[in-house]
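J.: Let me begin by handing over the structure; questions about it come next.
The values are calculated or read from the model by the stated rules, or taken from the named source; none is laboratory data. Every value quoted in this text rests on a predicted model; they were computed, and no experiment measured them. Methodologically, a virtual Cβ is constructed for each residue, glycine included, from the backbone with ideal geometry; neighbour enumeration extends over all protein chains shown. Protein only, heavy atoms only, side chains kept; ligands, DNA and RNA dropped before computing areas. Shrake-Rupley method; radii C 1.70, N 1.55, O 1.52, S 1.80 Å.
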Amino acid sequence: MARFEYVAIFFGIVVALAIETVLVNLHRLIAAKSRVRWHWMAPATAVNSSLVTLGEFWILWGDRDQWKGRYSFFQFLPFAVALFLMFLAAAATLPDEIPEEGLDLKAFYFDNRRHYWGLVAAYFGMNLVLNLVGQLWTGPGAPWQESLRWLVGDVIGVVVAVLLMIFRTTWVHVAGNVLSLILLLVFLNSIQFG
C-alpha cells in the first residue's frame, strides 16, 4: 500500500464521520417536526461545512501524486489537526439534541455563532499556515503561483469567519453566509483533475 493510500484512508474516515454527524443532526431536526422553529442560517452552515468537508477530500485526491518522499509523524500531525478542526466545525453546525420544549434554529445559530465560526476560523487559519509553510518549503516558482488561490481562499475564510464570530447583526450573517457559500462553490468548481 502506498503512503497516499494510508493517508487517504485516514482522511476518508474523518470526512465520513463529519458528514455522518451533520446528517444525523439534520435527521433529528426533521424528526422533531413541530418542536423545531426553522431558520435557514444553521442549515446553511451545515451545507457549507459539508461542502468544505467533501472539498477537502476532493483536493486530497487531486493532490495524490504530490505525496512522494518520506514524512514523519510530526509532518503529518498538522494536517490531522486541520482535519479535526474541519470535523468539529461540521459537528457544530446543527444541534445535537432537540429539547422537549422545542428549539428555535435562529436562536441556536446566533447563540452558537462564536463556537461554529471560531472553529471555521481556526480551520482556515491552520490551512493558511500549512499552505504558507508548504510554499516556503518548495520555494518560489510555478507551485507558488498555482497555490495563490489556496492562500487567498484561506485568508478570505479566516476574515469572514472572524467577522461572523464577532458581529451578531443579522444582515452581516446573511451576507457572510451567502458570500461564503458562493465563494466556496466557485472555488470547488475550479478544482479539476483527470
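J.: Where does the charge balance sit around R168 when Lys and Arg score +1, Asp and Glu -1, over other residues with C-beta under 13 Å from its C-beta?
T.: Details: positive: K106, R113, R114; negative: D111.
Overall, the nearby charge balance is +2.
J.: Could I ask something else about it? Taking 8 Å as the Cα distance limit and 6 or more residues as the minimum spacing, I'd like the relative contact order of the chain as a percentage.
T.: Numbers: 183 pairs, mean separation 53.4, N = 194.
RCO, the chain: 28 percent.
J.: In addition: Using 0.36 nm per residue, how much length does the chain from E20 to W61 gain when fully extended, once their Cα-Cα distance is taken away? Provide the component values of the computation, followed by the final result.
T.: Values: separation 41, 0.36 × 41 = 14.76 nm, distance 2.02 nm.
Residue separation times 0.36 nm, minus the Cα-Cα distance, leaves 12.7 nm.
J.: How much net charge surrounds N177 when only the other residues with a Cβ under 14 Å from the Cβ of N177 are counted, with Lys and Arg +1 and Asp and Glu -1? Don't skip to the end; give the middle numbers.
T.: Values: positive: K106, R113, R168; negative: none.
Once all neighbours under 14 Å are counted, the net charge is +3.
J.: For the chain, what is the largest minus smallest coordinate of the Cα atoms on each principal axis, given in angstrom and ordered from greatest to least?
T.: Sorted from largest, the Cα extents of the chain read 56, 36, 31 Å.
J.: Further question: Please give the calculated 222 nm ellipticity per residue for the chain, where each DSSP H segment of at least 4 residues contributes -39500 (n - 2.57) and the sum is spread over every residue; nearest 500 deg cm²/dmol? Display every interim value, and only then the final one.
T.: Details: 6 runs with 149 residues, N = 194.
Helix-only estimate at 222 nm: -27000 deg cm²/dmol.
J.: If you roll a 1.4 Å probe over the chain with all protein chains in place, what percent of the accessible area is carbon or sulfur? Intermediate results must be reported in sequence, preceding the final value.
T.: Working: 7680 of 11140 Å².
Whole-percent figure for carbon plus sulfur exposure: 69.
J.: Also, quick follow-up: When the Karplus curve 6.51 cos²θ - 1.76 cosθ + 1.60 is applied with θ = phi - 60°, which whole-Hz ³J(HN,Hα) does each residue of the stretch 33-49 get, with x for Gly and Pro?
T.: Computed from phi, the couplings for the stretch 33-49 are 6, 6, 6, 10, 9, 6, 8, 6, 5, 5, x, 5, 5, 5, 5, 4, 5 Hz.
J.: Suppose R0 equals 22 Å; then what is the FRET efficiency for R37 and V186 from their Cβ-Cβ distance, rounded to the nearest 0.05? Could you put the intermediate results ahead of the total?
T.: Numbers: r = 32 Å, r/R0 = 1.46.
Once the sixth-power term is evaluated, E becomes 0.10.
J.: Roughly how many Å² is the accessible area per residue of the stretch 1-137, as a whole number, for a 1.4 Å probe? Please list the in-between numbers first.
T.: Numbers: 7590 Å² over 137 residues.
On a per-residue basis, the stretch 1-137 sits at 55 Å².
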